[in-house]
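The values are calculated or read from the model by the stated rules, or taken from the named source; none is laboratory data. These numbers come from a predicted model, not from an experiment. For neighbour counting, all protein chains shown are included, and Cβ atoms are generated from backbone atoms with ideal geometry for every residue, glycine included.
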Ligand code: AMP
Ligand code: MN
Ligand code: MN
Ligand code: MN
C-alpha cells in the first residue's frame, strides 16, 4: 500500500521507556492487531525505545516512523511537541533530550516532599518503582503509586486532586524552549508537530502566539485527531490546520490498557480536506522491505 492510501496511522503513544506500561514490542504487536498501517512510538523526552520499536515493527511488517514527544515551557505553560521522522543518532537531539530529562528526579523529590506534608509518605520511592526508566520519572508514575496504595480510585482522580497546578503535589518546572525543541527535531530530519493543542488552557491570544512562534521556528504540523481531543476539538484544529497551512497528525496517545480511554488505531480518520503529516515523511518511513 502507498503512503497516500494509509488512513490508520497512529503517530503518538508511550512505552515503559517513558510513562506507558507496555514494552515497545508489545505496543508494536497491539498496533498491528488493531489495524494500524503506520506507527510511531513517541516517548516523552526520550528516544531510548526507538530501536526496539522499529525492529519490532519491521519484524511484523508494520511501517514505522521514529518519534519523540518533547516537554516545552511556553508562556509559563507546559506544551508538548511531537517530533516524527527524527534521526535518533543526531547529536544535538540526543543532547537536547538529555538536558530536558535532567531535573526530573529533583522535581519528583520535591513533589514527594509536598505529598508527605499532606499525609502521603514514601511517594518518591513508590513512584520510582513504577518508572521503567528512572530518568523519566513522571507524574503518571506518582498517580499509579497513589492508586495502588489506595489514596485515590483512579489515576485521573490523582491528577485532579494532587498533581495539577494549585494542588499539593504540583511542582512548577522549566522544560525545553519551544524554539530549541522544534530545531532539534527539524535539524535531525524530522517534522515538528504541536501535540494535542486542545489540552492546553490557553487564551485565544496565547494559542495564536504558540502557533505563530512554532511556525516561525520551522514547525510544520498539528495533531488534529488525538485521544486527548473531543470531536469539537477535531473540527477546531482541522480548521486551524487549513488556515495556518499546517500538516495534520493523528495519534491515540495510548499509555496503558488499564488507564487509556483510546486504544491504538481506534480513532476516526483525519478529515479528507487535510494533508496528513506522513505524506511529507514518505522518505523517513521505515518499511520492512526497505532496510
Ligand atoms: P510529567 O511529564 O511528569 O509532567 O507528566 C505528564 C504526563 O501525565 C502526561 O504525559 C500524561 O501521561 C499524564 N497526565 C497529565 N494529565 C493527566 C490527567 N489529567 N489524567 C491522567 N494522566 C494525566
Ligand atoms: Mn504521558
Ligand atoms: Mn502529551
Ligand atoms: Mn503523549
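Output the residues belonging to segment 20-45 that are within 13 Å of ligand 3 (Cβ to nearest atom) and under 23 Å from residue 90 (Cα atoms). Walk me through how you get there before you give the answer.
Restricting attention to segment 20-45, the residues satisfying the condition of being within 13 Å of ligand 3 (Cβ to nearest atom) are 20, 42-45.
Those that are within 13 Å of ligand 3 (Cβ to nearest atom) and under 23 Å from residue 90 (Cα atoms): 42, 43, 44, 45.
Outside the structural domain of residue 50 (by TED's automatic domain parsing) and under 24 Å from residue 53 (Cβ atoms): which single residue out of 131, 112, 92 fits that description? Full working, then the answer.
On the way: 112 fails: under 24 Å from residue 53 (Cβ atoms); 92 fails: outside the structural domain of residue 50 (by TED's automatic domain parsing).
One residue alone meets the criteria, 131.
So is residue 36 touching a helix residue (DSSP H, G or I) at 6+ places or on another chain (Cβ under 7 Å), part of a loop (DSSP other than H, G, I, E, B) and modelled with pLDDT of 95 or more or not? Before the answer, list the steps.
Values: touching a helix residue (DSSP H, G or I) at 6+ places or on another chain (Cβ under 7 Å): no; part of a loop (DSSP other than H, G, I, E, B): yes; modelled with pLDDT of 95 or more: yes.
Taking the combined requirement at face value, the residue does not satisfy it.
Can you tell me which residue is surrounded by the most Cβ atoms within 10 Å (Cβ to Cβ) among those in segment 117-157 that are farther than 23 Å from residue 97 by Cα and under 20 Å from the mean Cα position of the chain (by Cα)? Full working, then the answer.
If we filter segment 117-157 for residues that are farther than 23 Å from residue 97 by Cα, which is where we start, we get 117-123, 125-126, 143-157.
Cutting the leftovers down to under 20 Å from the mean Cα position of the chain (by Cα) gives us 143-144, 155-156.
Working: 143: 25, 144: 23, 155: 22, 156: 13.
The residue in question is 143.
What number of residues within segment 171-203 satisfy the criterion of being at negative phi, away from ligand 3 (no atom under 13 Å from the Cβ) and in contact (Cβ under 8 Å) with a residue 24 or more places away in the chain? Can you show your working first?
So the first thing to find is which residues in segment 171-203 are at negative phi, and the list is 171-188, 190-195, 197-203.
From what is left, the residues that are away from ligand 3 (no atom under 13 Å from the Cβ) are 171-174, 176-180, 182-188, 190-192, 201-203.
When the remaining residues are screened for being in contact (Cβ under 8 Å) with a residue 24 or more places away in the chain, the result is 171, 173-174, 176-180, 182-188, 190-192, 201-202.
Result for segment 171-203: 20.
Kindly list, by first and then second residue, each pair from a residue in segment 28-49 that is more than 28 Å from residue 176 (Cβ to Cβ) and outside the structural domain of residue 276 (by TED's automatic domain parsing) to a residue that is modelled with pLDDT of 95 or more and in a helix (DSSP H, G or I), limited to pairs with Cβ atoms under 9 Å and residues at least 6 apart or on different chains.
Final answer for the pair search is none.
Let me confirm something: among 41, 84, which residue is surrounded by 23 or more Cβ atoms within 10 Å (Cβ to Cβ) and closer than 17 Å to residue 17 by Cα? Before you say what the answer is, go through the steps one by one.
Details: 84 fails: closer than 17 Å to residue 17 by Cα.
Exactly one residue qualifies, and that residue is 41.
Filter segment 238-265 down to the residues that are away from ligand 4 (no atom under 16 Å from the Cβ) and not in a loop (DSSP other than H, G, I, E, B), then identify the one that is surrounded by the fewest Cβ atoms within 10 Å (Cβ to Cβ).
If we take residues in segment 238-265 being away from ligand 4 (no atom under 16 Å from the Cβ) and not in a loop (DSSP other than H, G, I, E, B), then 243 is surrounded by the fewest Cβ atoms within 10 Å (Cβ to Cβ).
Within segment 67-104, how many residues are within 13 Å of ligand 1 (Cβ to nearest atom) and part of a loop (DSSP other than H, G, I, E, B)?
Counting residues in segment 67-104 that are within 13 Å of ligand 1 (Cβ to nearest atom) and part of a loop (DSSP other than H, G, I, E, B) gives 1.
Would you say residue 231 is assigned by TED's automatic domain parsing to the domain that holds residue 84, crowded, with 17+ Cβ neighbours inside 10 Å and either within 20 Å of the chain's Cα centre (by Cα) or touching a residue at least 60 places away in the same chain (Cβ under 8 Å) (or both)? Quick ask: steps written out before the conclusion?
On the way: assigned by TED's automatic domain parsing to the domain that holds residue 84: yes; crowded, with 17+ Cβ neighbours inside 10 Å: no; either within 20 Å of the chain's Cα centre (by Cα) or touching a residue at least 60 places away in the same chain (Cβ under 8 Å) (or both): yes.
For residue 231, the condition - assigned by TED's automatic domain parsing to the domain that holds residue 84, crowded, with 17+ Cβ neighbours inside 10 Å and either within 20 Å of the chain's Cα centre (by Cα) or touching a residue at least 60 places away in the same chain (Cβ under 8 Å) (or both) - is not met.
Looking only at segment 155-170, filter to residues that are in contact (Cβ under 8 Å) with a residue 24 or more places away in the chain and not in a helix (DSSP H, G or I); which one of those is farthest from ligand 3 (Cβ to nearest atom)?
168
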